[in-house]
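Asker: Could you have a look at this structure, given as structure tokens, before my questions?
Taken together, the values in this text are just the output of simple stated rules run on the coordinates, not laboratory data. On a predicted model such as this, the values are computed, not experimentally measured, just so you know. For neighbour counting, all protein chains shown are included, and Cβ atoms are generated from backbone atoms with ideal geometry for every residue, glycine included.
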């Protein structure tokens, strides 16, 4: 298993010790090639469960580099050569391993799952199933990524597909999904690090609820998904080009000023506490310690040039790797080192006040900590489902993805902004500060708000 935690996805390499298959590879295929080399196996088949909407696939390039057969659903219209496969097909990987193709529409119309069979003395035994965005751990892939008009129909198909897998496979068969580990492609997040068909029968709502009840529950629980998803299916249908992870141009202080003046995004990759202590005015905080690429891809106008700021070249390289996975191929420039190296004007350095929920409770009671303004506005930038589950009395709700276009809607006065942990709040605070607002970041877990004495809204 090859995890891409920043996107909440998994890819897989399975082998008989000599020949391997790779399922749903990310675009930075060097990770896959390295693992195959360590295991001493030859990649013979590269497999896609579906046309992905949350990342750009590396499948086409991996197949080209290795000479592997590239298996893609026959029903998907793509702009490249592939081996078309359909429900009921069997693919011989070696004398001891085969794949069975199972049509599992729901996440997409042409979604496929692949059963991995191993030869036994008396025939074949199902070891597990690669389920992509179909049956996940305790949940399923969301059904609205092809547009809301298809969501109801696909939710019904998702229910039927999950039931089909449960009926087809033994309880001991492993379930190997691609989504569900933080990806917005899943209806909700996985409830376990691994699972089997038997466990899913006992735990997963799709296998415990009748179709109409499942559809209503699934569609009712869906929240927004990243705006950049609109570009992923297009890229994957066309076939992605090889990635270029070589270093990008270095920007000096004058170039950084010019880029910000031109409306380009200059993104500070350092931890939010370092950003709060000192940062370059006009930059946006999206630290590498969180899902940077997801939020950056969601917040920017697609195609806007991006410059990356970090402590070290390795951090810039890590960010480049994350960004190519969502189709942002080359940042415009980068700068590393301390913040003092990013400007020749000390007046361009800023601080961002940070506090916690006990400090908010005190400030609301008229006892603001020295140096902190009284909270005229408490801004909640969590997603809608998080807000509905509980929020601070009197808070204003603007989900982070909406903030760039709704900055003017935030009421006047000093803003104390929070999310679920502090990551999104710091990103929001940087945007607000760049718009000239007085802002304090609540760098604290939301579940600490009520114990700290912050009044919560009545959910009744």
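Asker: Report the Stokes-Einstein translational diffusion coefficient (µm² s⁻¹, integer) for segment 258-359, Rh taken as the Kirkwood radius over Cα pairs, at 20 °C with viscosity 1.002 mPa s.
Answerer: Estimated diffusion coefficient is 152 µm²/s.
Asker: Looking only at segment 395-427, which residues have a backbone nitrogen under 18 Å from a spot 7 Å from the Cα of residue 227 in the C-beta direction?
Answerer: 398-410, 424-425, 427
Asker: Also, quick follow-up: Against the longest principal axis of the chain, how steep is helix 211-220, in degrees 0 to 90 to the nearest 10, with axes from Cα atoms?
Answerer: With rounding to tens, the tilt is 30 degrees.
Asker: Please compute the Kirkwood hydrodynamic radius over the chain, one decimal place, Å, based on all pairs of different Cα atoms.
Answerer: Averaging 1/r across every pair of different Cα atoms and inverting gives 23.7 Å.
Asker: Continuing with this model, one more query. Compute the separation of the alpha-carbon centres of segment 97-112 and segment 412-460 and state it in Å as a whole number.
Answerer: When both Cα centres are located, 43 Å separates them.
Asker: For the ranges 210-222, 267-279, what's the packing order if you count other beta-carbon atoms within 10 Å of each residue, average per peptide, and put the highest first? Write down the numbers at each step before the final one.
Answerer: Values: 210-222: 15.6, 267-279: 21.2.
Listed from highest to lowest mean packing, they are 267-279, 210-222.
Asker: Within segment 1-153, what percent of beta bridges assigned by DSSP are antiparallel, to the nearest 5?
Answerer: Restricted to segment 1-153, the bridges split so that about 70 percent are antiparallel.
Asker: Grab the Cα-Cα distance for residue 255 and residue 312, subtract it from 0.36 nm times how many residues apart they are, and report the gain in nm with one decimal. Display every interim value, and only then the final one.
Answerer: Working: separation 57, 0.36 × 57 = 20.52 nm, distance 1.87 nm.
Contour length minus Cα-Cα distance gives 18.7 nm.
Asker: Sticking with this structure for a sec: Tally the DSSP beta bridges in the chain and give the antiparallel ones as a percent, rounded to 5.
Answerer: 45
Asker: Separation between the residue 452 and residue 171 pseudo-spin-labels, each 7 Å from Cα along Cα→Cβ, expressed in nm?
Answerer: 4.7
Asker: Compute the acute angle (0 to 90°) between the alpha-carbon long axis of helix 148-168 and the principal axis of greatest extent of the alpha-carbon atoms of the chain; round to the nearest 10°.
Answerer: 50
Asker: For the chain, what is the mean residue ellipticity at 222 nm derived from helices alone (per DSSP H run of n ≥ 4: -39500 (n - 2.57); sum divided by total residues; nearest 500 deg cm²/dmol)?
Answerer: -8000 deg cm²/dmol
Asker: Which shape class, rounded, prolate or oblate, goes with segment 354-448 when its Cα gyration tensor gives a ≥ b ≥ c as root eigenvalues, a/c under 1.5 marks rounded, and past that a/b bigger than b/c marks prolate?
Answerer: Oblate, since a/c reaches 1.5 and b/c is not below a/b.
Asker: Then there is this: Angle between the Cα long axis of helix 30-39 and the longest principal axis of the chain, 0 to 90 degrees, nearest 10?
Answerer: In the chain, helix 30-39 runs at an angle near 50 degrees to the longest axis.
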